[in-house]
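The values are calculated or read from the model by the stated rules, or taken from the named source; none is laboratory data. Just so it is clear, the structure is predicted and the values come from calculations on it, not from any experiment. Cβ sites come from the backbone with ideal geometry, for glycine too, and all protein chains shown count toward neighbours. Ligands, DNA and RNA are stripped out before the accessible areas are found, and what is left, the full protein with its side chains, is counted by its heavy atoms. Shrake-Rupley method; radii C 1.70, N 1.55, O 1.52, S 1.80 Å.
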Amino acid sequence: MEVTMGMYYNSTGTILVDHYKRKGFYTMQEHHAHDDYELYYLFTGERNFFIRDRCYRVKRGFFVFVEKNELHKTIDTEVPNHERLVINFGSALLADFPLHGRSGAILLPPQEQFKGESLVREIIAEAQGHAEGRDVMLESLIKQLLLLLFRAQKEQPELEAEASTVHKTISEVAAYVGTHYRDPLRLNEVASQFFISPYYLSRKFKECTGFGFSEYVQLVRIREAQRLLRETDLKMIEVAEQIGIEAVANFYKLFKATTGCSPLQYRKRQQARKN
């Protein structure tokens with residue numbers, strides 16, 4: 001059961017503040033990757049947060065930063081009920097600040113934790129209100145919070161991803177997919193590479209990442225296709241070849257089923273954003 005607290009956009013639609021509580025157990029049903037950045041804060045509960053090829057166990061007080069176009073998903077744990085805040089924003093918010101390579105979980109040091117949650121509460125209050133200059137204040141608060149987090153992230157080692165043997169193996173498999181997506185990548189063959197049974201790999205991969213193995217392979221391929229469509233002038237058949245799909249018709253079908261638009265439509269939209 002979901003109890004929505006509120007979803008708010010700024011006047012230009014470049015910032016989304018989404019706050020909700022959910023009772024019971026919940027795992028995101030759909031894959032998730034988008035063209036803006038995401039900041040996640042967990043008020044209560046526990047979640048597994050999968051980003052690309054890492055899985056973090058996040059608890060109360062944890063922040064998670066996700067770079068744009070990064071595949072990610074939140075997954076249920078044995079702990080029911082949680083309350084979270086998600087802020088999505090575009091590159092313009094911190095145009096002169098390097099954001100690449102910052103994906104991961106962040107836990108502020110004890111002396112900064114109160115300040116961090118206070119900023120989160122102020123962001124929610126500002127988003128809900130109608131005070132003069134709301135959008136300007138909202139941007140200012142989000143910038144303050146991001147800089148507080150990035151300074152803490154720089155001064156401390158990256159938080160370890162889930163450290164169990166199972167999670168370590170699955171993270172290695174996910175990383176393997178991320179570098180071998182041009183290959184066929186059949187479940188049986190990948191399982192043999194890691195000396196585990198196909199059944200075990202299939203079950204544990206879904207449990208740890210929230211994705212089926214084949215689903216994850218296809219999502220990695222489509223994410224790479226999106227990058228190629230944004231950053232190169234390759235023809236569609238060349239993009240399909242680059243991501244390991246031989247038939248261009250299959251590429252079109254899979255891309256549209258995954259993103260909701262054709263590869264050509266996606267490229268045109270990305271070009272329009274640049275102009």
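Regarding segment 6-13, can at least one residue be identified that is assigned to a strand (DSSP E or B), in contact (Cβ under 8 Å) with a residue 24 or more places away in the chain, under 29 Å from ALA131 (Cα atoms) and touching a helix residue (DSSP H, G or I) at 6+ places or on another chain (Cβ under 8 Å)? Yes, segment 6-13 contains a residue that is assigned to a strand (DSSP E or B), in contact (Cβ under 8 Å) with a residue 24 or more places away in the chain, under 29 Å from ALA131 (Cα atoms) and touching a helix residue (DSSP H, G or I) at 6+ places or on another chain (Cβ under 8 Å).
Of all the criteria given as (1) open to solvent by less than 20 Å² (accessible area, probe 1.4 Å); (2) over 12 Å from the mean Cα position of the chain (by Cα), the one not satisfied by HIS130 is (1). Residue by residue through segment 126-146, note down the ones that are of a type in the set (A, V, I, L, M, F, W, C) and at pLDDT below 95. Hits for segment 126-146 are ALA127, ALA131.
Is it the case that some residue within segment 162-170 is open to solvent by 20 Å² or more (accessible area, probe 1.4 Å), of a type in the set (Gly, Ala, Ser), modelled with pLDDT under 95 and part of a helix (DSSP H, G or I)?
To start, the set of residues in segment 162-170 that are open to solvent by 20 Å² or more (accessible area, probe 1.4 Å) comprises 162-169.
Keeping just the survivors that are of a type in the set (Gly, Ala, Ser) gives 163-164.
With modelled with pLDDT under 95 added as a condition, the list becomes 163-164.
After this cut, where a residue has to be part of a helix (DSSP H, G or I) as well, the list is none.
Checking segment 162-170: not a single residue is open to solvent by 20 Å² or more (accessible area, probe 1.4 Å), of a type in the set (Gly, Ala, Ser), modelled with pLDDT under 95 and part of a helix (DSSP H, G or I).
In this structure, GLY244 qualifies as open to solvent by 20 Å² or more (accessible area, probe 1.4 Å), under 22 Å from ARG52 (Cα atoms) and in contact with an Asp or Glu (Cβ under 7 Å, 6 or more places away or on another chain).
Quick check on segment 194-217. Is at least one of its residues under 22 Å from the mean Cα position of the chain (by Cα), modelled with pLDDT under 95, among the basic types (Lys, Arg) and open to solvent by less than 40 Å² (accessible area, probe 1.4 Å)? Yes, that holds for at least one residue. When segment 182-193 is filtered for residues that are of a type outside the set (Asp, Glu), more than 16 Å from ASP53 (Cβ to Cβ), open to solvent by 20 Å² or more (accessible area, probe 1.4 Å) and without any contact (Cβ under 8 Å) to a residue 40 or more places away in the chain, the ones remaining, listed by number, are ARG186, LEU187, ASN188, SER192.
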